[in-house]
Amino acid sequence: MEENQKNEKTQNFKAVQNPNTYKTVYKNETAPKAKIGFGKSILLPFFSGVVGCSVVLGTCFGIPSVRAKILEGNRISENTSPSPSSGYVSQTSLSNYSDTAVFAANKILPSIVGINVEYNVNSLISMFGKQTAPSTAKASGSGIIMSDDGYILTNNHIVASSSSESYYEVSEATKITVTLFNDETEYEAKIVGTDEQTDLAVIKIEKTGLSKAEFADSDNIKVGEFAMAVGNPLGMQSSITCGVVSAVNREVTDSDGKKFTLIQTDAAINSGNSGGALVNSEGKVIGINTLKLSGTGIEGMGFAIPINSTTDITSQLIQYSKVKRPYIGISGMDLTEATAKANKLVVGIYVKAVDDFSAGEKAGIKIGDVIVEADGKKITKMDELNEIKNARQIGDELKIKVNRNGQEKELTIILGEQP
C-alpha cells in the first residue's frame, strides 16, 4: 500500500485532447528528476544562446544588402519625415538654413547701397505777415547696383517725391548721396530717370568697379521658398531679414490709388528698406522692396516689385530718362448696371473727357460715348482698357467699339505717346 502511494507521488497526469471524440483523456507522465545541475540548466543554455546570436548577426552583417536594411530600418533620416502614426518626431538640422542665409547675404550685401535724400520744406503759413524761411528735411532708402559703372535701381518715391499739404510744401530732392557696403564715403548721385506709375527710378554715381547684383527669373518663384530682404531700415545699413515668399502676383493698391502686381513676403520690411532687394536662396534678386501693410492686427505683410517687370522700365529710364507708353487721351468712368440703367445707358466705360490732339480725338471718340469693346473683347472697366492698351506699342492700331446714342460704332485708334 505504501509502495503504491509512493509511486503515485512520482507520477503526473497530462491532459490530451482526443481528436476523434473531442473528449479529454489523461495520459500518465513521469515526473522529472528533482535535481539538475546548475551548469546544465543555466550556463549551458546561456552560452549556447550567445554563440547562436553571434553567428546569426555575423552572417547578416556580412551580407551588405541585409546589413543596409537592418541599419536603415533603425534610423530616422534627417531628410525624410516618419509616418504620423509612428510616434516619432524627426529632428531637423538648422545648419542648412543658416548656411543658406549666410551665403545669400554674403553674395548680395556688396550690391546694396544706402541712399540719403535732402528736400526743401516751405511753410505755407506766414507768421506775423512774414513767410518763414524754408527748412531742410532728410529721408533715407536703399538701392541695388545694376552695373559696375555706377547705375543704381531704386524706388521713385525715395528720390522724386514731392507733395503739398495744407501747411507745407515739399520740394523735389535737392541732394542725393549714396553709401556703399563697408565704405563710409558719401558719393553724390544724379537722377537718370523716374517713373511714378511703376514706382521705379534709376540714379547714378561716378564710380567704377562696383559689385553688380545678379537678377533671378521672378516668373519662376514659388510660394514658400526662401526670401531675404536686404536694405537700410531706419538708417541701419546692410541689414537683412529672412522669411518666405508668401504669395505671387498679389494685386495691391497703394495710398495714392495706384495698383501694383507684387510679390508678398513675411520677411520684415521697414522704413528705409524701400528700393532694396528681395533675394532668393542663391542671393539673386527676385524683387525690389517697395511697401508694407501696417496697422493694428497686421504683421509680416511686405511687398516687392518682381524684378522681371523692371527690365524694360529701367532700360527706357537709362535711354530716355522716362518710360514711353502708348496713349489714348481720354478719361472715363466705369458704369455699373445700376448707374447705366438710371442714365439710360449701357454697361461699359463712359467717356468723360477727350484730350485735345490726342489719339482718341483723332479716332473720333466723343464725350458721352460708352466704350463696350476693345481688341474684340467685352470690357466694362477703365482698368481693362488700360491693360489692353499697355500691352501694345506706340503707333499700334487698337480697334474699339462704342455705344453712341443707342447705336454701336467701331473706331480705330492709332496709339500715341503718353505726354
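The values are calculated or read from the model by the stated rules, or taken from the named source; none is laboratory data. Remember, it's a predicted structure, so these values are computed and weren't measured experimentally. Every residue, glycine among them, receives a Cβ derived from its backbone with ideal geometry; neighbour counts consider all protein chains shown. Quick note on the areas: whole protein, heavy atoms, side chains included, nothing else; ligands and nucleic acids left out. Shrake-Rupley method; radii C 1.70, N 1.55, O 1.52, S 1.80 Å.
Note down the nm distance, to one decimal, between modelled labels 7 Å out along Cα→Cβ at F357 and at K222. The answer from the label model is 5.5 nm. All other residues whose Cβ lies under 15 angstrom from that of V248 are scored, Lys and Arg at +1 and Asp and Glu at -1, for a net of -3.
For segment 199-343, report the translational diffusion coefficient in µm²/s to the nearest whole number, using Stokes-Einstein at 10 °C, 1.306 mPa s, and a Kirkwood Rh over Cα pairs. Reported coefficient: 93 µm²/s.
Applying both filters, DSSP loop and at most 11 other Cβ atoms within 10 Å, to the trypsin sites (Lys or Arg not before Pro) of segment 174-244 gives K222. Cβ-Cβ distance of S321 and S95, R₀ of 35 Å, FRET efficiency by 1/(1 + (r/R0)^6): the value works out to about 0.15.
The convex hull drawn around the Cα atoms of segment 193-279, when projected onto a plane and averaged over every direction, covers 6.9 nm². Of the residues T136, T265, ranked by 1.4 Å probe accessible area with the largest first, the sequence reads T136, T265.
Solvent-accessible surface of protein heavy atoms, probed at 1.4 angstrom with all chains present, puts D369, D375, D219, D183 in the order D219, D375, D183, D369, largest first.
How much length, in nm to one decimal, is gained on full extension between A247 and V170, taken as 0.36 nm per residue of separation minus their Cα-Cα distance? Don't skip to the answer; put the middle values down first.
On the way: separation 77, 0.36 × 77 = 27.72 nm, distance 3.51 nm.
Net length gain for the segment: 24.2 nm.
Among the protein heavy atoms, those of K258 account for about 50 Å² of accessible surface (1.4 Å probe, every chain in place). For segment 259-322, taking Cα atoms only, Rg and Dmax work out to 13.2, 44 Å respectively. Of the residues V202, V223, ranked by 1.4 Å probe accessible area with the largest first, the sequence reads V223, V202. A probe of 1.4 angstrom, applied to the heavy atoms of all protein chains, finds E172 with accessible area near 100 square angstrom.
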